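Reading through the structure tokens given below for one structure.
The values are calculated or read from the model by the stated rules, or taken from the named source; none is laboratory data. A quick note: this is a predicted structure, and the numbers were derived from the prediction, not measured. As a convention, Cβ positions derive from the backbone with ideal geometry for all residues, glycine included, and neighbour counts pool all protein chains shown.
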């Protein structure tokens, strides 16, 4: 177990152990392996949570890089992370456990999906590879319920009228949330698009199906879905508690408003420190957009890049990627860091950092269109949702009697 060995791809669950140089060739699901590891402790309380958290981060790294559990991948992960001595000490216990149990392989947890109700749903799901595993479950569940609704009402075809009736049934009778109902409507509309593209039908059928796209979604109360922005002092405290790498990540997201995927796509060539600008590959975009690189984020990024250059023995290439961590790793580290400074981590998500940028820009007197430009929203309505909470506070504090 001393070389970086690619993980073996097998689909079977609970494979029997095979004698292969003393290594258990069973491929454990991530949650299954963590459960076994935690179960090996005589006592597992709050003081032991770091053992679990750091083991999960290591496993996320292995899954992302498709590596096995070994001394080499462990050293590679520690070097990549720039981990502290205490972090290494916590994580080494997990490596020792895996060695003792002769466990070398791990795989992603399986996502349980609902069985499709008919052949059309099966064909649609199978031929649309852009639907990820999590969305697949929502699509199948929504489409199953729609076809069950059609059958219960003796409707023989898909049309705008019964899609709208199904929407109202979910809203009034089943009392599902507008968010869930709109997801189900999206699934039906995507199915209709697939049918129009792949099946021959008469003009009447084409016209009837084409009208489904006009069925309106339910309005959602956006105020219910506020993301709590980090107060300025909490963001500062979070950054000060971290090493240069993580401080740069939170600073770029919190001060410049980047999404997680945008942070992951950043390269050294995207920074213009002289002009204090940053080129960002936005959500669903093919070209990069320029945003302001605020001073605090600029300083944090420069410190991190300088540290990386020192470790690599020279200047970094323009295509050097600042963040290679997966979303789960970033999420877990963010939550742990908040807990470590005594903050209530349940109030915040990684996306809260983006809201922090929008609300702080508004508080400092920036026009709404500047906030929209920085966050790269196509519609000012979206920006208003981001800053509504701060607008409410400013309104109460500043409206004249």
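Can we say residue 279 is touching a helix residue (DSSP H, G or I) at 6+ places or on another chain (Cβ under 7 Å), surrounded by 15 or more Cβ atoms within 10 Å (Cβ to Cβ), more than 29 Å from residue 77 (Cβ to Cβ) and modelled with pLDDT of 90 or more?
Answer is yes for this residue.
Would you point out which residue out of 46, 60 is closer than 22 Å to residue 335 by Cα, in contact (Cβ under 8 Å) with a residue 40 or more places away in the chain and not assigned by TED's automatic domain parsing to the domain that holds residue 196?
60
Can you name every residue in the stretch 147-176 that is over 25 Å from residue 127 (Cβ atoms) and either touching a residue at least 24 places away in the same chain (Cβ under 8 Å) or assigned to a helix (DSSP H, G or I) (or both)?
Within the stretch 147-176, 152, 161, 164, 165, 167, 168, 169, 170, 171, 172 meet the criteria.
Restricting to the stretch 243-262, give me the number of residues that are within 15 Å of the chain's Cα centre (by Cα) and assigned to a loop (DSSP other than H, G, I, E, B).
2
Select, from 320, 271, the only residue that is in the same structural domain as residue 237 (by TED's automatic domain parsing), surrounded by 13 or more Cβ atoms within 10 Å (Cβ to Cβ) and closer than 27 Å to residue 364 by Cα.
Every option except 271 fails the conditions.
Does residue 301 fit the bill of being over 17 Å from residue 355 (Cβ atoms), more than 19 Å from the chain's Cα centre (by Cα) and at pLDDT 95 or above?
When the stated conditions are applied, residue 301 passes them.
Among 353, 338, 362, which is under 22 Å from residue 271 (Cβ atoms) and either outside the structural domain of residue 384 (by TED's automatic domain parsing) or outside any loop (DSSP other than H, G, I, E, B) (or both)? Write out each step before concluding.
Numbers: 338 fails: under 22 Å from residue 271 (Cβ atoms); 362 fails: under 22 Å from residue 271 (Cβ atoms).
Going through 353, 338, 362 in turn, just one is under 22 Å from residue 271 (Cβ atoms) and either outside the structural domain of residue 384 (by TED's automatic domain parsing) or outside any loop (DSSP other than H, G, I, E, B) (or both): 353.
Give the number of residues within the stretch 256-268 that are surrounded by 24 or more Cβ atoms within 10 Å (Cβ to Cβ) and in contact with a helix residue (DSSP H, G or I) (Cβ under 6 Å, 6 or more places away or on another chain).
3
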